[in-house]
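Worksheet: the structure to be examined is printed underneath.
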Amino acid sequence: MLMIRSAKALRSARPRFTKTAGTLRTSLFHNSERGFSSSDRNLSYKERLRNGIVGIKKDDAVALFQTMIESRPRPTVIDFNRLFTALARTKQYDLVLDLCKQMELQGIAHNIYTLSIVINCFCRSRKLGFAFSAMGKILKLGYEPDTVTFSTLINGLCLVGTVSQAVELVDRMVEMKVIPNIITLNTIVNGLCLQGKVSEAMALIDRMMDNGCQPDGVTYGPILNRLCKSGNTALAMDLLRKMEHRKIKLDVVTYSMVIDSLCKDESLEDSLSLFNEMETKGIKGNVITYNSLIGGFCNAGRWDDGAQLLRDMIERKITPNVVTFNTLIDSFVKEGRLSEAQELYNEMITRDIEPNTITYSSLIYGLCMENRLDEANQMLDLMVSKRCDPDIVTYNILIKGCCKAKLVDEGMRLFRKMSMRGLVADTVTYSTLIQGFCQSGKLNEAKELFQEMVSIGVQPSVVTYGILLDGLCDNGELEMALDILEKMHKCKIDPGICIYSIIIHGMCNASKVDDAWDLFCSLPLKGVKPDVKTYTVMISGLCKKGSLPEASMLLRKMEEDGIAPNDCTYNTLIRAHLRGSDICTSVELIEEMKGCGFSADASTMKMVMDMLVDGGLDKSFLDMLS
DNA sequence: GTTTCACTGG
């Protein structure tokens, strides 16, 4: 793999940097993210503020505040502002507002900084009215609102989605001779992006640049994110180049967004070259960059390269996390490589990475695919014992596994177990079980379950209806299927082409090919466009009725309508013509099918073999098929 | 000395 080779070459070109365990530990203890110990509480508030209050927890903050209030001489408002800022950074806005009020009641007055913090907290809590009141208080107290005060309020307006008012406020601040700065601009750009107004955001930046304001990485972040999330990867790439051209420093986050977007677009080669470009500039990929790449490789069917990337990141001291392993495990499982997925799970445990619900659900899915239901159930017990709660997806996977193994009663047992654990069955749960009952020929149970979901207010989806109608048709209850179709019309549920295909199929199976044909012909009037499945089902019905010329004509019509036949369409027609001993047309159809890149399926091959044995076909026919 | 803005993975 080219990329990995080049990554290795890069690595050897850079100086190695190894942190010892000792320095790591020291740096950890400098960090105030840990809680306060009892000895901390004996420190003076000044020392505590100085020791660092980053990431302070609620209880510690309240205790510290209490100490400050009781201290004599009183701390200055500046010290309180420090505490409030730290708390606001942990998003505890209500607590900040509460403590601000208490401080005031203790006779310590707000200054303009405190009021800016208060405005920010109100804005972040989407309480714009109170934020503007605080602004009024600033004016009443004779303070002059500055760029920060205005920017904070502008951000508040952007957060509630009134970006036009935010822009008006910029005009107001300019009138008041307060100069907007880069943060004011970034705030407005973000506000525009929140509203999906990417073009306006870009235009604003250009206008600002004309006025001598230089954008930074923050300016473009929301735009780039928006472009990537809306699938405009090419535009995101263009913007990345524009940023480079404008000499804006790019970081790993910026690159990762575009790399992820390229991976999602299945442009793996482009994402790899961007990754290499980033690393060549000395910007090292992080776990998120690697997770995107691993996902991209797995999606492209390059599972082993994905696993190799995991090795590569470990070697480079980029620590994989639960997402890394989940991506690989899920991908290996879906490819039927369960044992490798299980090895990855074991490696997670070895590396002290805690599996989560997604990890276990993937493994349970893998076991279900192999009909290893006992082990799947054991896995469920294992995750519960490890305090990892199964969710509705986990249960849906297991229930589907039961139904697939024709153990629908076992599926019902899980359904009840799940409900007892407080999980509410959803449309997927009910649909799966209804399908299980239908496939076991237990139509009454299927109907009852359908009734139950409707009566408790779980909305059946088109998929649910499809499953039920298919089950009814397959079990000789076409009339009831038609009744339900009627009900769907009455309830204004758009059946969609899948449902019509199922009904047409049911009609053909019930030897009502003429009814099926009428329904088929009425589809355009209903505004529904037949797809390849609808055509194939109808062709199959005509063949069954013995109307081979009509069936062949329908093949031509679907091509005219721009619907490409698939292998199933061809095989259906070929078998029908073989059955009718029309060897000539069969040969023509086979040639045509081969030209489309399809081949004879198992039942066609079986029919050919049988006919060879009976002498109904020449041996040369077989050569043509291969 | 204290206040404002942003972005990445399942």
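The values are calculated or read from the model by the stated rules, or taken from the named source; none is laboratory data. These figures come from a predicted structure and were not determined experimentally. Don't worry about glycine lacking a Cβ; one is built from the backbone with ideal geometry, like all the others, and counts go over all protein chains shown.
Before moving on, here are some points about what is shown:
- Check on A:TYR365, within 22 Å of A:SER331 (Cα to Cα) and at pLDDT 95 or above: yes
- Among the residues of the stretch A:406-448, those identified as hydrophobic (A, V, I, L, M, F, W, C) and surrounded by fewer than 16 Cβ atoms within 10 Å (Cβ to Cβ) are A:MET420, A:VAL424.
- You will find that of A:VAL258, A:VAL287, A:VAL323, A:VAL253, the residue that is touching a Leu at 6+ places or on another chain (Cβ under 9 Å) and within 13 Å of DNA strand B (Cβ to nearest atom) is A:VAL258 and no other.
- Residue count for the stretch A:308-317 satisfying the condition of being within 16 Å of DNA strand B (Cβ to nearest atom) and either surrounded by fewer than 23 Cβ atoms within 10 Å (Cβ to Cβ) or acidic (Asp, Glu) (or both): 6.
- Taking the criterion of being surrounded by fewer than 14 Cβ atoms within 10 Å (Cβ to Cβ) and closer than 17 Å to A:TYR290 by Cβ, the only residue of the stretch A:235-268 that qualifies is A:ASP251.
- Within the stretch A:54-92, the set of residues being of a type in the set (Val, Ile, Thr), under 13 Å from A:ILE108 (Cα atoms) and in contact with a helix residue (DSSP H, G or I) (Cβ under 8 Å, 6 or more places away or on another chain) comprises A:ILE69, A:VAL77, A:ILE78.
- A:THR114 being over 22 Å from A:ASN190 (Cβ atoms), among the hydroxyl-bearing types (Ser, Thr, Tyr) and either within 12 Å of DNA strand B (Cβ to nearest atom) or within 36 Å of the chain's Cα centre (by Cα) (or both): yes
- Restricted to helices (runs of 4 or more DSSP H) entirely inside the stretch A:133-235, those with at least 2 residues that are within 11 Å of DNA strand B (Cβ to nearest atom), among the charged types (D, E, K, R) and under 28 Å from A:TYR255 (Cα atoms) are A:217-229.
- Pairs meeting the criteria (first residue in the stretch A:141-167 and over 13 Å from A:CYS123 (Cα atoms), second residue within 8 Å of DNA strand B (Cβ to nearest atom), beta carbons under 6 Å, at least 6 apart or on different chains) are A:TYR143/A:ILE112; A:THR147/A:ASN181; A:VAL148/A:SER116.
- Any hit, the stretch A:353-367, residues being within 22 Å of A:LYS404 (Cα to Cα) and more than 21 Å from the chain's Cα centre (by Cα): yes
- Of all the listed residues (A:SER292, A:SER261, A:SER230), the sole one being at pLDDT below 95 and hydroxyl-bearing (Ser, Thr, Tyr) is A:SER230.
- Within the stretch A:413-451, being within 22 Å of A:THR394 (Cα to Cα), assigned to a helix (DSSP H, G or I) and of a type in the set (D, E, K, R) holds for A:ARG413, A:ARG416, A:LYS417.
- Of all the criteria given as (1) within 14 Å of DNA strand B (Cβ to nearest atom); (2) crowded, with 20+ Cβ neighbours inside 10 Å, the one not satisfied by A:LEU367 is (1).
- Search result, residues across the stretch A:452-469 that are over 16 Å from A:ILE499 (Cβ atoms) and in a helix (DSSP H, G or I): A:GLU452, A:MET453, A:VAL454, A:SER455
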